[in-house]
Each structure stands twice: as C-alpha cells, then as structure tokens.
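What follows is calculated from the coordinates using simple rules that are stated; it is not laboratory data. Just so you know, these numbers come straight off a predicted model, no measurement behind them. A quick note on method: Cβ atoms are made from the backbone with ideal geometry, for glycine too, and the neighbour counts reach across all protein chains shown.
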Amino acid sequence: MLGLQYFSFDDLWSPLILALFLIIAAAYLVLVGPFSERVQGAEPATAGQKVLFLAGLLALYLAQAGPFNLLGHVMFSFHMVSMALSYLVAPPLMMKGLPTWVWRGVVRWLPTRQLSFLAHPIVAAVLFNGLFSLYHLPVVHDYVMLNFTVHRLYYIVLFITSMLMWWTLLNPLPEGRQASGLSKVGFIFLNMVLLTPACGLIIFASEPLYQTYSNPAIWAEAMRYCVSGDSSAILRSFGGPAFFNILSSTKEDQQVGGILMKFIQEGIFVSMLAYVFAQWYRKERQEEDDDLSPAGGGNEQGPLNPAAKS
C-alpha cells in the first residue's frame, strides 16, 4: 500500500547510520554505567533513565534514517510524523535519560554565559516554532529538500532549538533557574499557539503546496538522498509518474500531514500540561505540610526551594 516493495533493505534501514546510532547507544550505556563510577559525585543512570534515552534515540533514528525518513520523502503525512518524532518526542526522552552530572558537564563545556539568552523561554519558543514554520513555506521546503547539505544543517539547527524549547519544561539541573508552574503552563500554551498558523496553512490549502510531493520529476530528484541512482533512473524504477497513483492524493496527504502534526503536538503538550499541574499540586501540598508541621513551620528554605539556599 505504501510502496515499500520498491525499496531495498539499505534504503529502508540505512545500515551505516544504524551502526552509528548503535555506537551512540553503547557509548551512552558505558558513560552512565561503568564510567560514572570514576567521576566524583556522579551517580549511575537508573533503569528508567536508560529506557527513556534509548527510546528517544530509537525515535530519532526511525525519523531521520529509518523507514519514517524514507516514507517522509514519499508522502507528506509521513514527513510530518518524522518531524514530530524528531523534535517533539526524541528530545524530551533523551533529556530525561541523561543524569544530572552529565548535564552539569555539558553546561560547563558550553559557552553558557554568551548563549544563555537562547534558552530564555520566549526566545526558545519563537526560535523553534519560527524555524519550523519557515521550513514549511513551500519555497523553503522544496529548496531544503533538494539540497542535501542545507537539509542536514537545517535539521540539526531545528533539533538544537527544540532542545532549548524543552529546557524550560524539563530543566534537569536543580541548581538552575526553574520556571514556576504558572510560567510552564503559559509556555506550553505559547508553543501550541505558535505552531498553529503553519499547520493551518497546510491543512486548509486549496491545492498541493510542495513540488517535492506533487511533481514526479522533483520528487525523484529529492529521493536521490534516500535511494541510490540518478533521478531519471529512480523515476523509471518506481514505475514513472504512475507510482503516485498507489498513494493517497497529494492534497489529502498534505491535509492529513498537517492534522497529524497538530494532533501529535497537542497530545504531547496536553500530557506535559497534566505533568506540570501534578508537579505544581504536589509542591503546593508539600509546602502546606511544611508550614503546618511543628518543626518546619515558617521554614522558607526547605529542599523544594533551592533558590533560597543562596
């Protein structure tokens, strides 16, 4: 149904990139396992953290080198699923999978003073959602899809800005500046609003927007980055323009892609909203219990307020 019979094992699974991801997974397990015993103050990662990081790595591989990447070049709906996996699913999973001591090392290594403004909640939200929306303007999207170097660089920048966006909600450093529960709620709604125009443009367009999904010749040119051979040979091997007939219509596929992206984003951020509210509620209850306890009454420098220690 999806035309997967036209693709080889190498096309679908990108063995070299798969090997790279397996090396990253092995390096992670060594870093947070045996190596952590040599680092003063470091604690080994829990089983839950390992599962989260490896799940995020798997999602990123499937989206950027596995079947979703290939199908994302064939159908726009799969392209949007790939984008959601890459920037809304993988980053928070991988962030939660890294122990605090690893993040402290990363922050020390990066020029955080010079670049700290990029992690400001509003700046990070505007950067990620702005770049995502810009990418889905037809002229930009078609250009990026046809230029491999620009394509890879743009995706790397999107991944970095998505990590900055998630930092406000998942800041793994207890000593870092932590957003309040109300600020996190506002930040979630800001992200949900900022992505809406791009999704609306895609969903309600009266005609196909992207040449890479509607023009067989341009599609074949873009496919050269997933399948070996020149564009004319690729088009012939897939049965010529008739190959598009086995897929859903371009306009419907485009609309489904926009709807999928919005629903996935809404589902993830609504889940985060519930998580933030649960944390907020537990914190308020703990503070109330501390105020009512004879030994802790009026203590404003408890463990739930690390900023007060300084």
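Pick out, from 118, 191, 55, the residue whose Cα sits farthest towards the positive end of the charge dipole of the chain, with +1 on the Cβ of Lys and Arg and -1 on the Cβ of Asp and Glu.
118
GNM on the chain, C-alpha springs below 10 Å: top fluctuator among 271, 14, 214?
271
Which of the DSSP-defined H helices in the chain satisfy a minimum axial length of 18 Å, computed from C-alpha atoms, and a minimum mean Kyte-Doolittle hydropathy of -1.0?
Details: long enough: 15-32 (25 Å, 2.88); 47-64 (25 Å, 1.33); 121-135 (21 Å, 1.73); 148-170 (32 Å, 1.34); 181-194 (20 Å, 1.63); 250-292 (63 Å, -0.53).
Helix filter hits for the chain: 15-32, 47-64, 121-135, 148-170, 181-194, 250-292.
Please find the FRET efficiency linking residue 273 to residue 224, where r is the Cβ-Cβ separation and R0 is fixed at 51 Å, and quote it to the nearest 0.05. Show your work: numbers first, answer last.
Numbers: r = 42 Å, r/R0 = 0.82.
About 0.75, to the nearest 0.05.
How do 169, 190, 20 rank when sorted from fewest to most other Cβ atoms within 10 Å of their own Cβ?
Working: 169 20, 190 16, 20 13.
By the 10 Å Cβ count, ascending: 20, 190, 169.
List the residues whose amide H sits under 5 Å from the amide H of residue 195, counting only those 5 or more places along or on another chain, with H placed 1.01 Å from N in the peptide plane.
Excluding prolines and chain starts, which carry no amide H, there are no hits.
For the chain, modelled as a Gaussian network with Cα springs under 10 Å, which listed residue fluctuates most, 197, 92, 44?
197
Per DSSP helix of 4 or more residues, -39500 (n - 2.57); summed, then divided by the residues of the chain. What does that give at 222 nm, rounded to the nearest 500?
Computed ellipticity for the chain at 222 nm equals -21000 deg cm²/dmol.
Once you put a point 7 Å from the Cα of residue 249 and another 7 Å from the Cα of residue 217, both along the Cβ direction, what distance in nm separates them?
2.5
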